[in-house]
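> The structure that follows is given in the form of structure tokens.
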Amino acid sequence: MYLRVFLSLLLFSCHRGATSGSGILRNQAAARSAGLSSNTTLTMTMPESSNDECDRVMNRSAADRCAFVKSTPDCTMADGFINYLYTVFCLLPPNLTPLTITLCIIWLLFLFVILGLTASKFFCPNLSAISSTLHLSHNVAGVTFLALGNGAPDIFSAMAAFSHPHTAGLAVGALFGAGIFVTTVVAGNVALVKPFTVASRPFLRDVIFYMTAVFWTFLMLYRGTVTLGETLGYMSLYVVYVLTVIISTYIYNRQKYSVNTSVQSVTHIPEEFHSSDSSDDDIPCLTGGTIQQDYDSEYRPLLPYLESTSHILLSSLNPVDHRKWRRKSWRWRALKVVKTPLEVLLLLCIPVVDPDKEDKNWRRPLNCLHLITAPLVCVLAFESGAYGEYMIQGQFPLWLLVLLLGLFLSAIVFCTTTNDCPPKYHPLFALLGFMVSAVLISAAASEVVSLLHMLGVVLSLSNTVLGLTLLAWGNSIGDCFSDITIARQGYPRMAISACFGGIIFNMLLGVGLGCLLQMVKTQSDVQFESEGLLTWVLAGSLGLSLVLSFVIVPLCHFHLGRTYGIFLLVFYAIFLVIALLTEFGKIHTVST
């Protein structure tokens, strides 16, 4: 992952500054690199001939499975804190396998909650604060930082899956499966909830770019190899998409301004609410900060008072809004009870800067504590804890050095700031929060990939079908609820734009960065080997759904009604049935 490259360079520079005896870490990295580069044919493959040797463990007797897992390299996952295959086949008795699978699925749901909470509560707000600090326009921030925030779980999951040859099918299945799910199920529900006329030019633009990305990915799978130049060109397609969005919006605004120069509006209402390009503007995000400020000011005391430092710390760690708690349903309360311990832990580790608030969410005692916990979490979670055990010159642990540096910085900040006034360097906490949340999302995504690999082995399912079902559903369920909620609130154009725009980012960056990092590791081109007919069913179904939308929507004069919504839901149901029948061998190619 690209964050790993950055943090590796950062930690390496720290090691060289502290000591010249960093040979242990370099030897470990060299050993890993040698182990990967020694296999010149298997880089990022979805093996069909070898069929992932670890899958054969279920063909052995219960007594021999543990020895097989220990002796088979494919059963050893470098990423992840837990070796799930070793846990299932070596630590737990065979008669508890059904219970183990049930617990693993519950743990998988918990990991998805971690991904969703970290992305929505910490990753996205800090990205928004960074974009505000850099004074980026809403269009640029929407197709860059906002897209990265919304697609972080998908992108990190894809890169984690691409990092190992025998889990690359998870990434292909997840990206294609999520694409079909979002563009059919989510878009269909939006049309059912709020029939509307879609913005014509943004819709055609997004569909055309998405079809191009899908076709390019299909060619990569069909050719079976990808060079460095092709990978860079593949990723540059998203740069072209961003430039197209910016240029088209600029041209449209210039045309609108020239038309309205002679007309003075009596009520100054932004015309983006009524224009055909309104889906390019994030309307709720533009107005949400003002509404929240007005809402908070209603409960603000008339006379100012000074809170104690301990009271500020305790209130900052309370994720429950008592006003919201009273008016929410019991289902929301039950889910909140489950998520509250996790939110408290994340609040202890990740700072959040909110530019919409008057104090920018400055919490002096908590932010000083973040200078201790945030770097420590990065060291312990980065590379699945590999740096947590590193010893400088074999004597001084790295995590202790980070802890001491954090204590020193925290003491300086605490002594030079006040509770009621954020310092000038407060926006730097947004960068720190972005880095910590990205590391945690990366660690959780690696754990999800390792867990799904184990479930695929135990249940005798291919990685592709696990990717297009469990991984795609888990990463897309948040988008489903948020887009439907936005549509119900009266912004269906924005919801349908999010269905297509975000998926483009996830596919181009997920596949592109995965291939690029694998090339850096192996110093060779990336080789793809399809998992058979299921991959082509997946790619063909996604391409067909986009082509049908590209044809049907203009024929309906860009009006998305309930008939179109039902059509999309039926299409996804048919696709899912065909994919499962293909997975279980009911549909197969005829050999001559």
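> Pull up the cross-link candidates among the lysines for K357, meaning alpha carbon to alpha carbon under 17 Å and not fewer than 8 places away within one chain.
K121, K424
> Still on this structure, please answer the following. So, for segment 386-440, what is the accessible surface per residue at a probe of 1.4 Å, expressed in square angstrom?
Heavy-atom SASA per residue in segment 386-440 reads 55 Å².
> Further question on the same structure: For segment 410-460 and segment 306-367, what is the separation of their C-alpha centers, rounded to whole Å?
Computed from Cα coordinates, the inter-centre distance equals 16 Å.
> With every protein chain in place, what's the accessible area of F181 (1.4 Å probe, Å², nearest 10)?
About 20 Å², rounded to the nearest 10.
> Which of the peptides 414-421, 574-581 is most tightly packed, and how do the rest follow, judged by the mean count of other Cβ atoms within 10 Å per residue?
So the order, starting with the most tightly packed, is 574-581, 414-421.
> Let me ask something additional. Classify segment 509-579: rounded, prolate or oblate, from the alpha-carbon gyration tensor (a ≥ b ≥ c, eigenvalue square roots; a/c under 1.5 rounded; otherwise prolate if a/b is larger than b/c)?
prolate
> Show the residues, 5+ positions off or on another chain, whose built amide H is closer than 5 Å to the amide H of V526.
Correct list: V226.
> Evaluated at 37 °C with a viscosity of 0.692 mPa s, what Stokes-Einstein diffusion coefficient in µm²/s does segment 351-471 have when Rh comes from the Kirkwood expression over alpha-carbon pairs?
194
> Quick one: with all protein chains in place, what share of the accessible area of segment 504-548 is carbon or sulfur, to the nearest percent (1.4 Å probe)?
Carbon and sulfur together cover 65 percent of it.
> Next question. For L317 and K424, FRET efficiency with R0 = 35 Å and r from the beta-carbon atoms, rounded to 0.05?
My answer for the efficiency is 0.85.
> What spacing in nm lies between the two simple spin-label points modelled at R488 and S258, each 7 Å away from Cα in the Cβ direction?
Here the modelled spin labels are 4.4 nm apart.
> Can you tell me the length gained on complete extension of the stretch Y222 to T102, counting 0.36 nm per residue apart and subtracting the Cα distance?
In short, 39.5 nm is gained.
> By accessible area of protein heavy atoms, probe 1.4 Å, what ranking do T309, T563 get, highest first?
These residues rank, largest area first, as T563, T309.
> I've got another one for you. Using the beta-carbon distance between T72 and V577 and R0 = 30 Å, what value does 1/(1 + (r/R0)^6) give for FRET efficiency, to the nearest 0.05?
Result of the calculation: an efficiency of 0.35.
> Quote the FRET efficiency, to the nearest 0.05, computed for L403 versus H557 with a Förster distance R0 of 60 Å and r equal to the Cβ-Cβ distance.
So the FRET efficiency works out to roughly 0.40.
> What is the spin-label model distance, in nm, from T309 to V520 if the labels are put 7 Å beyond Cα along the C-beta direction?
4.1
> Given a 1.4 Å probe and heavy atoms of the protein chains only, how would you sort H135, H559, H322, largest accessible area at the top?
H135, H322, H559
> Please calculate the 1.4 Å probe accessible area of K121, with all protein chains present, and give it to the nearest 10 Å².
That residue has around 100 Å² of solvent-accessible surface.
> At 7 Å along the Cα-to-beta-carbon direction for both M58 and T416, put a label point, then send me their distance in nm to one decimal.
6.0
The values are calculated or read from the model by the stated rules, or taken from the named source; none is laboratory data. None of the values given here were measured: they were computed from a predicted structure. No Cβ is skipped: glycine too gets one built from the backbone with ideal geometry, and neighbour counts run over all protein chains shown. These area figures cover heavy atoms from the full protein model, side chains too; ligands, DNA and RNA do not enter into them. Shrake-Rupley method; radii C 1.70, N 1.55, O 1.52, S 1.80 Å.
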